[in-house]
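What follows is calculated from the coordinates using simple rules that are stated; it is not laboratory data. Because the structure is predicted, anything quoted here is derived from the model rather than measured. Cβ placement follows ideal geometry from the backbone for every residue including glycine, while neighbour counts extend to all protein chains displayed.
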Amino acid sequence: MSWLERLLRREKMEQQLDKELQFHLENHVAELMRSGVAGPEARRRARLAIGWPEEVKEECRDARGTRWLEDAWQDFRYALRTLRHKPGFAAVALLTLGLGIGATTMMFTLVDGVLLKPLPFPEPDKLVTLHGASSGWNAEAFGKQNLAYLDFLDLQRTSTCIDLAGALYDNGTVSEPGPPEYADLLQISSNLFSVVRVPLLMGRVFAPEEDKTGGIPVAILGYSFWQRHFGGRPEAVGSSLVLDLKRYSIVGVAPAGFRPYGNEPDIYTPLGQNTGAFLQRRAIHPIYTLGRLRAGQSINEAQAEMSLAGRQLAEAYKDTNAGRTFTVAQLRPETGDVKSTLWLLLGAVTLVLLVACANVASLLLARAISRERELAMRVALGATRSRLVRQCLTESAVLGLSGGVLGVLLAAVGLRPFLALWPGELPRAEEAQLDWRVLLFAVGASLMCGFLFGAAPALRAPFKNIEQALRTGMRGVAGGSHRLHGVFVASEVALAVILLVSAGMLGRTLLHLASLDPGVNIHNVLVARMALSPVTLTDPGKTRAAWKDVLDRARQLPGVQSIATVDTFPMREGFNKLAYSTNAEVSDTAPGEMVDGRLVHRARREEKLPFALLTCVSPDYFKVMGMRLRRGRFFDNHDTLDHTPVIIVDEVLAQSAFGTDDATGKRLWIPDMGYGGNVFQIVGVVNHVRHWGLGADDQAEIRAQIYSPFSQLPDNFMHRWSQLMSLAVRTNVNPLSIVGALRNELKGAAGDQVLYEVRTMEQLASDSLASQRFLLLLFGIFAGVALLLACVGIYGVLAYLTGQRIPEMGVRIALGARTRDVMWLVLRQSLSMIVVGVALGTAAALAAERILLRYVSGMQPSAAISFAVMIPLLFAAALLASFVPARRASRIDPVAALRQD
Amino acid sequence: MNPKYDLPQGTLDLLILKVAALGPVHGYAIAQRLEQVSKHVVQVPQGSLYPALHRLENRGLLAAEWKETETGREAKFYRLTRKGRAQLGAEADGWARLTEAVALILKMSEGGAE
């Protein structure tokens, strides 16, 4: 029989126990009577022999081993009964807990799904990725690199530890079927799907012979692209599409949400069919790798193998691979910078939960005190201390778990709407689901809460002065609970202070950041990425002509003031960082050597160069963006390929490189530019632009900026750069109102030129503060809830404590105390609790400030001003909550109060 | 009447198992039989008998069944399970060794203790 069975058959077992003992007694009596003892005497002796029947039964029940369970069951039913008796109390406690646990569970669901869950592939701990690193010049600044294609092929072929797959990001225009669409491409080695062990939704993966130059053009569709562009029709497999003028047969569709790396790709094509010359150079490292450790192989063995392979490659290809090493790393989900936001929110919501717990604890405590007499009675009847504590804890566990059930329901309902509120895109949001891990967390949190608020009432169950408790009932012990109540109120206030001050600091920060000058005039500027017709990309001359045509056409549109092309935008993703040196003279003439594909002067090799952000623009860019010229000139139409290569720098670079000297006319050596001899003349200095966003720029690692003219970009850069270019349009009307006309004007002769990611600069500027704004919103809500709960708690505690003192107040009033005196008596009590709470909260809020300063970009140290605003607010709210009970106390009718006793 | 001795701690279980090994038996009969066989030397604590029976049942050493006695009344009969038999064997051995050892010690001659 299992415990559960025994528990369910309890009734029957009790009957049987009775029957068994009865049988024994009767037999004993019968035997005694047979030996001549008289009836009543025989019964007396038999009873004496077996002892007190209830005690025997108790021992038998204990022997059954289900005792604790039976007690728990009994306590559980008792708890439900008591909750039902006080529906008001139960409703307030449940709602408070439900909201607290619900919010915490929801945040945990996000933290778990986004940060903690492993990759959604089979055996994720076996998945690895390879990084390359060069030991050469400025190597650590470049950090972890991807692999050269030829290196990748060598490693893939020779490795005995890892099944290695490769991928390369690219973009292209799909011109058939349907309207032209600019698509994210992932070129993959044929084994990628088998390495991650994810089956296709339909169709087949690439065959190895298709993963070679000259293979038949085949494509696999990404799920979202298939839904969007092919309406999710199964017939898509077997049909074809035209991508950058080439026709591909569609052989398969990837499963929904499959993201081997970064965003979900639109189209997969075989990597081996890419004929780009850069793939044949070991000095260029574009291949992202994804590998699976073979059975029985560890990451250390794989690392040893890769180190050896790296040395062999370095030996075989000295020019390109000398000093190049490969490291094997566990593959982890990419979550970007949401990590700190999520943890901060989970932390904040936990504080709210703690306030809720303290609140319920003080409610329970008040109730426990009014039940003092009942508990004392139980002790008098023989209940042990542990039994009584267990009973109290069961009650709070029931309360906690009921709150937990409510909380999980709220979390389940609230999760998707909350995700819709999330600024921008939350990576791996689809992983955030209510599953057993979340349920486990919710149960844990509920029990934890139950314990937190149940412990105090349980531990103060009466044991010492039972007699006194029984005789005087509630009033005799009320004074003893005073301090405990104070602790709860003080901790509620302290927690509310932390949240209020944090919200205040975030608000102050947001105000400050929003007032910062982005460095560009963000009003009436439209920005959009632009994909030229694939036909024009085949020849650099055609590409230049196409860009000129785009600018000329757009300029004619009504509403357009000026227009420019640009590769990277301030406050939008994407940047191009390059090292620079002011020591251009030496590098021009001194002999250099090839390192990692770059000509590097010997003297420079050991030197660490500063970095700058490079932006490639057409001349009108500065006008479009409303930037200010500090010195020299902007670019003009004379800055062409046959003139001196020129650049414009921002004031940050000018200041750090040349100090107070005039930067114009000076030359910069930019070793990785790859054209113009890598030496450039500065013709102008412009104002600094907050490229990294209003919040992040001041603390950014790389702030110096360099602009180069698009018109001096050599032919061999044309194709790649044209894939990156965007348009920036200054309008004299609402910029979004011209989007339709612009699209139409620029669609090109074949109708396959596409504008995408259309935004205004105002949107980009606002988005750059989105995470701070979101944090402020949620901290504000949490702080408000915490303040409300704290006020409810203060009100409840004071109402209770004042209720205990009614006779005392009656006496005071009868003896001539005035309204003011009585109110002051109550307020003083409340004030002391609030002051302690504020003091504790202030200390904790200073710690919270350090955390925020560290994890919120652009955070201003503004605790002082926040304290100045928030603490009076809290005092006002808390005193208001105390005022009602105080007023009630002052209006006690002394005669009624004294008679109550 | 001979003086009666209380059972040493832990021996009640062993004796119950032994009696039950002879065939299904109810609680009262166990008490009777223990007193008879021990020639009324052993005082069976009736109050501890039933908790012990329930404990042994709970541990799976005894199995219980409601059956009719010779007099036609329903009683709870306990019988030894396979597990109980093994336990009885082990405990009986242990008991034998213990008593042997105790006896040896008690038989020591005064001189031998030096």
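In table form, for the structure just shown:
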item	result
Projected label distance in nm at A:PHE717 and A:ARG77, using a 7 Å step from Cα toward the beta-carbon	8.4 nm
3J(HN,Hα) from dihedral phi, the stretch A:274-282, Karplus parametrisation 6.51/-1.76/1.60, rounded to Hz, x for glycine, proline	6, 9, x, 4, 5, 6, 8, 9, 6
Residue-span extension gain [A:ASN744 to A:ARG899] - 0.36 nm each, minus C-alpha spacing	46.9 nm
Relative contact order of chain A, defined on C-alpha pairs under 8 angstrom at six or more residues apart (%)	15 percent
Within-12-Å neighbourhood charge of A:ARG77 [Cβ basis; K, R +1; D, E -1]	-2
Translational diffusion coefficient (Stokes-Einstein; Kirkwood radius from C-alpha pairs) of chain A at 20 °C, 1.002 mPa s, in µm²/s	63 µm²/s
Fully extended contour minus Cα-Cα distance, from A:ALA383 to A:ILE865, at 0.36 nm per residue	168.0 nm
Extension gain (nm, one decimal) between A:PHE875 and A:ASP517, 0.36 nm per residue minus Cα-Cα	125.2 nm
Set B:LYS18/B:LYS67; A:LYS246/A:LYS339; A:LYS577/A:LYS747; A:LYS144/A:LYS623; A:LYS212/A:LYS318; A:LYS318/A:LYS608 screened for pairs whose C-alpha atoms are more than 30 Å apart	A:LYS246/A:LYS339; A:LYS577/A:LYS747; A:LYS144/A:LYS623
Centre separation in Å (Cα based) which lies between the stretch A:629-693 and the stretch B:55-114	100 Å
Model label zone, A:SER249; criterion: amide N under 16 Å from point 7 Å along Cα-to-beta-carbon; scope the stretch A:201-233	A:203-212, A:214-221
Environment charge of A:PRO179, counting only residues whose C-beta is closer than 12 Å and scoring Lys/Arg +1, Asp/Glu -1	0
Dipole magnitude (debye, nearest 20) for the protein assembly as shown, charges at Cβ of Lys, Arg, Asp, Glu	3760 debye
Listed residues A:HIS485, A:SER771, A:PHE622: farthest to the positive end of the dipole of the protein assembly as shown (Cβ charges)	A:HIS485
Computed helical MRE - 222 nm, chain B, DSSP H runs ≥ 4 contributing -39500 (n - 2.57), nearest 500	-17500 deg cm²/dmol
Gyration tensor verdict on the stretch A:260-315 (Cα atoms; rounded if a/c is under 1.5, prolate if a/b is larger than b/c, oblate otherwise)	oblate
Alpha-carbon centroid distance for the pair the stretch A:61-110 / the stretch A:494-553, whole angstrom	52 Å
Semi-axes of the equivalent ellipsoid for the stretch B:5-113, Cα gyration tensor, largest first, Å	31, 16, 11
Within the stretch B:61-102: backbone nitrogen closer than 20 Å to the A:ARG9 label point (7 Å, Cα to C-beta)	B:61-69, B:74-84
Helix-only CD estimate at 222 nm, as mean residue ellipticity for chain A, using -39500 (n - 2.57) per DSSP H run (n ≥ 4)	-17000 deg cm²/dmol
Karplus-derived 3J(HN,Hα), 6.51/-1.76/1.60, for each residue of the stretch A:563-578, Hz, glycine and proline x	8, 8, 9, 7, 8, 10, 10, x, 6, 10, 4, x, 7, 9, 9, 9
Degrees between helix A:478-514 axis and first principal axis of chain A (Cα, 0 to 90, nearest 10)	10 degrees
Neighbour-limited loop hits for trypsin sites (Lys or Arg not before Pro), the stretch A:796-872 (at most 10 other Cβ within 10 Å; DSSP other than H, G, I, E, B)	none
From phi via Karplus (6.51, -1.76, 1.60), per-residue ³J(HN,Hα) for the stretch A:735-741 in Hz, x at Gly/Pro	x, 6, 6, 9, 4, x, 4
Size of electric dipole in chain B: Cβ of Lys, Arg +1 and of Asp, Glu -1, about Cα centre, debye, nearest 20	380 debye
Estimated inter-spin distance, A:VAL92 and A:LEU421, nm [label 7 Å along Cα→Cβ]	2.6 nm
A:LEU48 paired with B:GLU70, simple spin-label distance in nm, labels 7 Å along Cα-to-beta-carbon	3.0 nm
Separation of alpha-carbon centers, the stretch A:823-886 and the stretch A:292-360, rounded to whole Å	41 Å
Built amide H within the under 5 Å cut-off of A:VAL617, gap 5+	A:SER708, A:PHE710
Principal-axis tilt of helix A:540-556 within chain A, Cα atoms, nearest 10 degrees	70 degrees
Other-chain or far-sequence residues with amide H under 5 Å of A:ARG631's (modelled H)	A:VAL685
Value of Rg/Rh across the stretch A:3-65 [Cα atoms, Kirkwood radius]	1.12
Residues with amide H under 5 Å from that of A:THR760, placed H, sequence gap 5 or more	A:VAL527
